[in-house]
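Everything below concerns the one structure shown next.
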Amino acid sequence: SPAQKLVFNRVNGKRPPVLLQQLSAPEECYTLAHEENVRFVYEAWQQVEQQLDGSRSGESACGPVQYVEKTPNPGLKNFVPIDLEEWWAQQFLAKIENCS
């Protein structure tokens, strides 16, 4: 069976206090503008996903349309997209291992 993925879910969409302390670490400094940009993109993407789910279940006749390539590029035959959740989980675990 495939290896299980680590999934980090936020409670009520809020960041736990531990992560806020990590953001102020010297090696990674995030500005307020960066946080606002990330929040904006995240919330906008959540809306798109909800609208896509609604259009798939027949709730809405209009909304976002998912693009599907009609004639795939043969050069991309073996392309494997990166799983960002898995990548972030690996980064998170690596930080924990380096700190201990």
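Restricting to region 39-61, and then to whatever is open to solvent by less than 70 Å² (accessible area, probe 1.4 Å) and within 21 Å of the chain's Cα centre (by Cα), can you tell me which residue is modelled with the lowest pLDDT? Selected residue: 54. Summed over region 23-38, residues that are surrounded by fewer than 10 Cβ atoms within 10 Å (Cβ to Cβ) and either modelled with pLDDT under 85 or not in a loop (DSSP other than H, G, I, E, B) (or both) total 7.
Applying a threshold of 9 Å to beta carbon distances and a minimum spacing of six or more residues, or different chains, the list of pairs starting in region 62-77 at a residue that is open to solvent by 100 Å² or more (accessible area, probe 1.4 Å) and ending at one that is of a type in the set (Gly, Ala, Ser) reads 62/55; 65/55; 66/55.
The values are calculated or read from the model by the stated rules, or taken from the named source; none is laboratory data. Everything numeric here is computed off the predicted structure, so don't read it as measured data. All Cβ positions, even for glycine, are placed from backbone atoms using ideal geometry, and neighbour counts span all protein chains on display. For the accessible areas, the whole protein counts, side chains as well, though only heavy atoms, and no ligand, DNA or RNA atoms are used. Shrake-Rupley method; radii C 1.70, N 1.55, O 1.52, S 1.80 Å.
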